[in-house]
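Novice: My questions will all concern the structure given below.
The values are calculated or read from the model by the stated rules, or taken from the named source; none is laboratory data. If you're wondering where the values come from, they're calculated on a predicted model, not measured in any experiment. Backbone-built Cβ (ideal geometry, glycine too); neighbour counts: all protein chains shown.
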Amino acid sequence: MMARAGPALALTDMRVLVVEDEFFIAAELKAVLTDAGAEVVGPCRTVSEALPLVNGNISAAVLDIRLSSKTVAPVATRLAEHGVPFVLYTGQLVTDEILAEWPGCKIIQKPTCPERLVAAIASLLR
């Protein structure tokens, strides 16, 4: 599990969508992103929860690849259609069709330190 981030506010005024089906990981992501100054949208545990939230008001997103027995692909596609950058946050780096579908996407392996996650999202927004 990640430790909470310090007071660095690298994501001030950003709205970050979190799509993660594991309750404790989602809660930790929300805490880390909030500590970095972001307004967290979600966390969403399913594709059907996340899709209606994808609009022009999202700055970036953190997506778990596997959501129970489904993938986050429909959310990634919708984000791309809206020009919203995202990182894939996953514990599975095996050959995966989602990774193949988004070859240029930034991938962060679970678990990671809060600073690395915040830096990855901040780099998307530069």
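Novice: Cβ-Cβ distance below 7 Å, separation of 6 or more or different chains: which pairs start in segment 61-84 with a residue that is among the basic types (Lys, Arg) and end on one that is at pLDDT 90 or above?
Specialist: Matching pairs, first to second residue: Lys70/Val47; Arg78/Leu51; Arg78/Val54.
Novice: If we scan segment 80-88, do we find a residue that is over 14 Å from the mean Cα position of the chain (by Cα), modelled with pLDDT of 90 or more, under 24 Å from Ala36 (Cβ atoms) and surrounded by fewer than 18 Cβ atoms within 10 Å (Cβ to Cβ)?
Specialist: yes
Novice: A further question follows. Can you tell me which residue is modelled with the lowest pLDDT among those in segment 50-65 that are within 12 Å of the chain's Cα centre (by Cα) and over 15 Å from Glu39 (Cα atoms)? Spell out the reasoning first.
Specialist: Quick first cut of segment 50-65, residues within 12 Å of the chain's Cα centre (by Cα) only: 50, 58-65.
Keeping just the survivors that are over 15 Å from Glu39 (Cα atoms) gives 50, 63-65.
Numbers: Ala50: 95, Leu63: 94, Asp64: 92, Ile65: 87.
My answer is Ile65.
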